[in-house]
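K.L.:
Dropping a structure here in structure tokens format, bear with me for questions.
A short reminder: the numbers here are calculations on the coordinates, not readings from a lab. Keep in mind the model is a prediction, meaning the values are calculated, not measured. Glycine gets a Cβ as well: all are built from the backbone with ideal geometry, and neighbour counts include every protein chain shown.
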Amino acid sequence: MFYRVRMSKMKTPKAISKRFKITKSKVIKRKAGKNHFNAKESSKKTRNKRRDVLVSDDFSKSIRQLISK
């Protein structure tokens, strides 16, 4: 009898899949420094932290390769 050996699938690193979101053409990440110690910052800084940030093109290529596994 011959048994067929299957290659296992490559797993996506879960830390990356939780931190980044991929749209059709962009990779988006959450802005850093939003968890605590925000009361002492100005309201302008806290408002700007609400927006998500686009990742640079060089870095987004490597993230797309890791998530597509």
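K.L.:
Residues to consider are Lys24, Lys45, Lys49, Lys34; find the one that is without any contact (Cβ under 8 Å) to a residue 24 or more places away in the chain and surrounded by 12 or more Cβ atoms within 10 Å (Cβ to Cβ).
P.N.:
Lys49
K.L.:
Can you tell me how many residues within the stretch 1-45 are basic (Lys, Arg), outside any loop (DSSP other than H, G, I, E, B) and more than 17 Å from the chain's Cα centre (by Cα)?
P.N.:
Total meeting the criteria: 2.
K.L.:
Can you spot a residue in the stretch 56-68 that is under 15 Å from the mean Cα position of the chain (by Cα), on the phi < 0 side of the Ramachandran plot, in a loop (DSSP other than H, G, I, E, B) and loosely packed, with under 10 Cβ neighbours inside 10 Å?
P.N.:
yes
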